[in-house]
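The values are calculated or read from the model by the stated rules, or taken from the named source; none is laboratory data. A quick note: this is a predicted structure, and the numbers were derived from the prediction, not measured. Positions of Cβ are backbone-derived with ideal geometry, glycine not excepted, and every protein chain shown enters the neighbour counts. Just the protein is used for accessible areas: all its heavy atoms, side chains included, with ligands, DNA and RNA removed. Shrake-Rupley method; radii C 1.70, N 1.55, O 1.52, S 1.80 Å.
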Amino acid sequence: MKSTTDDSGSASPWLMTCLALAGGTFLLLNSQANDAVSALNGKIEGTYGEVNDTYSRGIAASLSIPVAESWGIQFDSLYQHASEDDFYGLGAHFFTRKSEQGLLGVVVGGVHSGTIDNFAVAVEGEYYFPWLTVGGYAGYDNVQNNGTLSSFAPRINNHDDFALANLYLAAYPMDNLMLRFDYTNRFNRNFYDFQVEYQTPVKGLAAFGVIGFGDGDFFQLLGGVRYYMGKTDKTLKLRHRQDDPTNILTGMQGANQAAGQEPNKPASNDGFKKKDA
């Protein structure tokens, strides 16, 4: 069984993220629009729903900044209260993009809670067809269960290091409507998510819903609203292709929460059992 270790090493990803945020402040003061990010922009969203029969509610935000020619940087953040636990996350993307063709970049993100810590770094990419986006990311996923036993994802009881893979298809039957399917593999588990997002007639305001299934009887149902800040008269498809990549933290939160609880248990931490001393 994996023994507990000194937490000093886990501070390094958070230090790197803080340094990236400081660098982003400098870039913000020196940024100009380009093909990777059409202009300085951001988004904020609120969600509410359930994961494995326990509540989940929170907020997330992103800030996208044009950097040099055809390069961009984005900072992600997340706070989620779920299963009587608080999840805090920070992330960053550094990417190049041609708005008519696709995106290629590196993304890093970390989430901390009382039951689980997660740090991931991956290569991400997107390719644009007229009405379809094909995208995903692949890389390294470090998951630590903070001295407790997970029944949903048993491998994290004895392992910290995992491969991470995601593939998605986002279809736009209308320029302000997205239908998206995601497949993700994390800590030896498979997850399938279906998302609908619609930009309302209120400029910059979109509504979305997510339903997900996966191994170990995983199930999530979430809904919310998302507000895009920046140029107000863009279609949803152009926002996705000219402004902000997907927040890395929101896409992984459901699996993080499930790894901190046992399926079909009430909204508490009863899904974790303390390790023997």
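Being open to solvent by 50 Å² or more (accessible area, probe 1.4 Å), more than 25 Å from residue 167 (Cβ to Cβ) and among the polar types (S, T, N, Q) narrows it down to one residue among 101, 144; which is it?
Exactly one of 101, 144 is open to solvent by 50 Å² or more (accessible area, probe 1.4 Å), more than 25 Å from residue 167 (Cβ to Cβ) and among the polar types (S, T, N, Q), namely 144.
So residue 69 fits all but one of (1) closer than 19 Å to residue 178 by Cβ; (2) surrounded by fewer than 17 Cβ atoms within 10 Å (Cβ to Cβ); (3) out of contact with any strand residue (DSSP E or B) (no Cβ under 6 Å at 6 or more places or on another chain); what number is the exception?
The single condition residue 69 does not satisfy is (1).
Can we say residue 56 is in contact (Cβ under 8 Å) with a residue 40 or more places away in the chain, open to solvent by 10 Å² or more (accessible area, probe 1.4 Å) and in a strand (DSSP E or B)?
So residue 56 does not fit the description; no.
Only residues that are farther than 19 Å from residue 248 by Cβ and more than 18 Å from the chain's Cα centre (by Cα): list them for region 67-84, please.
68, 69, 70, 83, 84
I'm trying to understand the selection: among the residues of region 37-53, which are within 18 Å of the chain's Cα centre (by Cα), closer than 30 Å to residue 216 by Cβ and open to solvent by less than 10 Å² (accessible area, probe 1.4 Å)?
51
Tally the residues that are modelled with pLDDT under 95 and open to solvent by less than 20 Å² (accessible area, probe 1.4 Å), restricting the search to region 113-130.
Of the residues in that region, 4 qualify.
Go through region 65-86 and give me each residue that's at pLDDT 95 or above and either of a type in the set (Phe, Trp, Tyr) or touching an Asp or Glu at 6+ places or on another chain (Cβ under 7 Å) (or both).
Across region 65-86, the qualifying residues are 74, 75, 79.
List pairs: first residue in region 198-223 and under 29 Å from residue 259 (Cα atoms) and open to solvent by 40 Å² or more (accessible area, probe 1.4 Å), second residue assigned to a loop (DSSP other than H, G, I, E, B) and at pLDDT 95 or above anywhere in the structure, Cβ distance under 7 angstrom, at least six positions apart or on different chains.
The qualifying pairs are 207/200.
How do the strands (runs of 3 or more DSSP E) wholly within region 83-198 filter down when requiring 3 or more residues that are of a type outside the set (A, V, I, L, M, F, W, C) and under 26 Å from residue 238 (Cβ atoms): which remain?
Qualifying strands (runs of 3 or more DSSP E): 85-98, 102-112, 117-128, 132-144, 161-174, 177-186.
Filter region 226-238 down to the residues that are more than 17 Å from the chain's Cα centre (by Cα), open to solvent by less than 70 Å² (accessible area, probe 1.4 Å) and among the basic types (Lys, Arg) and list them by number.
If the condition is that a residue be more than 17 Å from the chain's Cα centre (by Cα), open to solvent by less than 70 Å² (accessible area, probe 1.4 Å) and among the basic types (Lys, Arg), then 234, 237 are the ones that fit.
Of the numbered conditions (1) exposed (fewer than 14 other Cβ atoms within 10 Å of the Cβ); (2) in contact with a Pro (Cβ under 8 Å, 6 or more places away or on another chain), residue 173 fails exactly one; give the number of that condition.
(2)
May I ask you to list the residues in region 203-220 that are within 17 Å of residue 174 (Cβ to Cβ) and at pLDDT 95 or above?
The answer is 205, 206, 207, 208, 209.
Could you count how many residues in region 239-256 are farther than 23 Å from residue 129 by Cα and either of a type outside the set (S, T, N, Q) or open to solvent by less than 40 Å² (accessible area, probe 1.4 Å) (or both)?
So the answer is 6.
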